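Encoded as structure tokens, the structure appears first; notes follow it.
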Protein chains: 2
Amino acid sequence: MIVLVDQDQVISNFEGQFLTVLRQRYPKLHYIPLEQRTTHKLREQYVPLHGEHFREIIKEIETEPGFFLSLPPIPGSLEAVTEIAKKHDVFICTAPLKEHKYCVGEKYEWIERYLGYEWTRRVILTLDKTLIRGDRLIDDKPEITGLVQPSWEHVMFSFAYNLHIAGKRRIKEDWSNWKEVLPELL
Amino acid sequence: MIVLVDQDQVISNFEGQFLTVLRQRYPKLHYIPLEQRTTHKLREQYVPLHGEHFREIIKEIETEPGFFLSLPPIPGSLEAVTEIAKKHDVFICTAPLKEHKYCVGEKYEWIERYLGYEWTRRVILTLDKTLIRGDRLIDDKPEITGLVQPSWEHVMFSFAYNLHIAGKRRIKEDWSNWKEVLPELL
């Protein structure tokens, strides 16, 4: 099978690292605990809730050189994708930031650092994931839309902002249940 | 329709720029005129023909910072893709070098410079183009293979090393005949 795996918040800890940097750099500002995050994009929750100045702060943190490379791996993720890849064709299918300058290169560098060089050959960068053919897409985004009807089944990777989505198979935030959820990959 | 357009040697002049740099930097070395190029990858022709030292020289030029950004546009290409995009969904579908360090970021930067920021949102980076859904793929690579049967028709973008391929519709090296070749896009 062809298994597509999202990068941010599925194998790399985008939300956790953002919150760490925000609290270190702006200790007096409001912050939203991870378990209270309700929107896929940070600004969609921070700006209405805590003010317009968050728009620039979020952009500053997300787009600065080194941010994407600094993301810690999601616990259990590297072991899981490595194991799935023994029997299936796994691709890291990820959408870069609109501000692509550092993000794009660092996404490849991150993959090389944590999964090894050979995995950089399995990266697919695209904003529209419906255009990518596969059997499964493991992704934290609540609703994934695009130009065409997807060929893959969207398997939800749990995070606070997608817990309201029903009707999809769901992998826990530490990958601990992936074998029960996706027995067809074993 | 969904129209996928390759980047190197279709809209950016990879071969021309490589030859320019090679001749400037190593004026005493052999070089292969563009019209005598017979392989899609430079090293597959240079190394057997002119020696093992070309392996490192090719790598040096291709992988140095600034090379991908320095590629001139292919004449007629920017006008053609801009016009096709008025009626169809066009994506720049391109495979990065194995040495991804500068190539990946500079490919996005090139698109922004020559086609504008909005086009960076239509970039798809992948080594396997058969995984990308589309109706047409305009590409100079003689044979395009991958994990699955492609959904697109491969429309050949002419260059010396693909002239032996028969049975495919073919766009000239200056894009001058694209409207006759692809009337369904008008």
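Descriptive notes on the structure:
- Evaluated at q = 0.14, 0.28 Å⁻¹, the base-10 log of the normalised Debye intensity for segment A:99-152, with identical point scatterers placed on the Cα atoms, takes the values -0.47, -1.11.
- The angle between the Cα long axis of helix A:53-63 and the main principal axis of chain A comes to about 40°, on a 0 to 90 degree scale.
- 11 Å reach of a label modelled at residue B:86, 7 Å along Cα-to-Cβ, counting backbone N of segment B:152-186: B:186
- Beta bridge orientation in chain B: antiparallel %, DSSP, nearest 5: 5 percent
- When chain A is treated as a Gaussian network with alpha carbon springs shorter than 10 Å, the biggest mean-square fluctuation among A:77, A:158, A:176 belongs to A:176.
- Contact order relative to length of chain B, as percent, for alpha carbon pairs under 8 angstrom and 6 or more apart: 28 percent
- With bins 20 Å wide beginning at 0, the percent of Cα pairs of the protein assembly as shown falling in each bin runs 27, 54, 19, 1.
- Looking at chain A, the pairs of alpha carbons with a distance over 20 Å make up 54% of the total.
- For residues of B:105-112, the mean tally of beta carbons on other chains within 10 Å: 3
- Distances between placed amide hydrogens fall under 5 Å for residue A:12 paired with A:74, all partners being 5 or more residues away or on another chain.
- Accessible-area composition of segment A:14-69, carbon plus sulfur, in percent [1.4 Å probe]: 53 percent
- Shielding by partners for peptide A:121-132, expressed as the average number of C-beta atoms from other protein chains within 10 Å of each residue's C-beta, is 6.
- Label spacing, shortest first and in nm, from residue A:16 to its equivalents in the remaining copies (7 angstrom along Cα→Cβ): 5.0
- Shortest-first nm distances, residue B:75 label point to equivalent points in other copies (7 Å, Cα→Cβ): 6.2
- The contact between chain A and chain B removes approximately 2500 Å² from the accessible area (both sides summed; 1.4 Å probe; ligands, DNA and RNA excluded).
- Counting only other chain Cβ atoms within 10 Å of each residue's Cβ, the peptide A:145-154 averages 2.
- Largest GNM mean-square fluctuation among A:65, A:96, A:48, using chain A with Cα springs under 10 Å: A:48.
- Helix axis angle, A:77-87 relative to chain A longest principal axis, alpha carbon, degrees: 20 degrees
- In this calculation the C-beta distance from residue B:60 to residue A:60 is compared with R0 = 35 Å, giving a FRET efficiency of 0.45.
- Å² per residue, accessible surface of the protein assembly as shown at 1.4 Å: 45 Å²
- Placing a label point 7 Å from the Cα of residue A:53 along the Cα-to-Cβ direction, the residues of segment A:25-42 whose backbone N falls under 20 Å of that point are A:25-33, A:42.
- For chain B, built as a Gaussian network whose Cα springs stay under 10 Å, the top-fluctuating residue of B:53, B:100, B:40: B:53
- Euclidean distance between Cα centres, segment A:99-113 to segment A:38-66, Å: 20 Å
- Distance between segment B:124-176 and segment A:76-93 - C-alpha centres, whole angstrom: 29 Å
- Reduction of at least 10 Å² in accessible surface, 1.4 Å probe, comparing all protein chains with the chain by itself, residues of segment B:83-102: B:89, B:91, B:96, B:98, B:100, B:101
- Cα gyration tensor shape for segment B:14-69, rounded if a/c is under 1.5, else prolate or oblate: rounded
- Nearest 10 degrees, 0 to 90: helix A:14-25 Cα axis against chain A principal axis: 20 degrees
- For the protein assembly as shown, the antiparallel share of DSSP beta bridges with both residues in that region comes to about 10%.
- Residues residue A:1 and residue B:143, FRET efficiency given R0 of 25 Å [Cβ-Cβ distance, rounded to 0.05]: 0.50
The values are calculated or read from the model by the stated rules, or taken from the named source; none is laboratory data. Computed from a predicted structure; not experimentally measured. Using ideal geometry, Cβ is built from the backbone for each residue, glycine included, and neighbour counts are taken over all protein chains shown. Areas reflect the complete protein model, heavy atoms only, side chains present, ligands, DNA and RNA absent. Shrake-Rupley method; radii C 1.70, N 1.55, O 1.52, S 1.80 Å.
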